[in-house]
Ligand SMILES: [Zn+2]
């Protein structure tokens with residue numbers, strides 16, 4: 001779609017376009033990011049567990065509430081597709097769409113990762129992002145998006161006619177099935193739209209299509225979040241590798257990702273409470 005007006009545009013087309021936008025969800029009513037609390041809590045962390053996600057595959061990992069999780073560069077530039085579930089109820093899971101609407105198309109330090117309806121509470125808070133310097137590039141791209149769903153074999157089949165079995169959707173489905181003992185058919189509906197960790201994406205300026213470009217992630221980089229409730233995570237090392245060229249195939253160079261679970265020092269969470277479920281009555285007007 002062009003920004004110039006077509007001949008059939010109404011006389012007041014320009015005036016209609018010039019109406020000022022308003023932010024859909026002003027978040028000033030939310031409790032502000034408590035930087036002092038998280039920065040203090042993350043000063044003295046002990047490493048509890050390390051999980052290495054193999055390339056073109058996924059694994060699950062537990063992050064107990066009040067713990068930190070770091071997703072790290074391991075051997076080469078690699079994008080990770082992250083799912084988060086309430087460890088005690090898989091029906092409560094990450095809601096990438098509302099996270100995008102509340103925060104932005106790409107997330108970084110201070111943003112919360114929200115759960116789906118009717119739960120709608122912070123599952124996690126992003127507490128450190130070594131790529132926060134990236135900001136927005138000249139193409140409109142940013143890092144760590146919540147716009148790209150996840151690569152999946154159905155869209156790949158739709159567009160190419162081929163079956164490819166190591167898309168993030170399939171990797172996460174296999175990982176969740178292996179963890180829970182569910183069949184693939186049972187596990188698949190729990191796999192949801194992801195946080196694309198380290199992925200550099202945006203919308204093209206001319207056609208507003210979703211684009212990707214090679215991730216700027218380098219050795220030493222990590223994204224860190226604080227678990228606000230007991231979490232089960234699932235992370236897929238995307239078959240797109242750094243997502244600089246292709247995905248949903250064996251073509252791109254792929255690398256592992258490192259997941260670290262870290263525990264704060266005793267007493268660091270003294271005044272912290274895990275967030276409650278949404279306070280909405282759920283009557284939907286019928287009580
Ligand atoms: Zn993927």
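The values are calculated or read from the model by the stated rules, or taken from the named source; none is laboratory data. Bear in mind the structure is a predicted one, so any value in this text is a computation, not a measurement. No Cβ is skipped: glycine too gets one built from the backbone with ideal geometry, and neighbour counts run over all protein chains shown.
Some notes on this structure:
- In segment 230-243, the qualifying residues are those that are in contact with a strand residue (DSSP E or B) (Cβ under 6 Å, 6 or more places away or on another chain) and more than 13 Å from the ligand (Cβ to nearest atom), and the one that is farthest from residue 59 (Cα to Cα) is 231.
- Filtered by the rule that a residue be away from the ligand (no atom under 12 Å from the Cβ) and in contact with a helix residue (DSSP H, G or I) (Cβ under 6 Å, 6 or more places away or on another chain), segment 167-189 gives 173, 176, 177, 184, 187, 188.
- Filtered residues of segment 240-274 (kept if crowded, with 18+ Cβ neighbours inside 10 Å, over 30 Å from residue 166 (Cβ atoms) and within 22 Å of the chain's Cα centre (by Cα)): none
- Taking the criterion of being assigned to a loop (DSSP other than H, G, I, E, B) and touching a residue at least 12 places away in the same chain (Cβ under 8 Å), the residues of segment 31-42 that qualify are 33, 42.
- Flag if residue 207 is more than 16 Å from the ligand (Cβ to nearest atom), free of Cβ contacts under 8 Å to residues at least 24 places away in the same chain and either touching a helix residue (DSSP H, G or I) at 6+ places or on another chain (Cβ under 7 Å) or not in a strand (DSSP E or B) (or both): no
- Residue match in segment 256-263 (condition: modelled with pLDDT of 95 or more, within 16 Å of the ligand (Cβ to nearest atom) and in a loop (DSSP other than H, G, I, E, B)): yes
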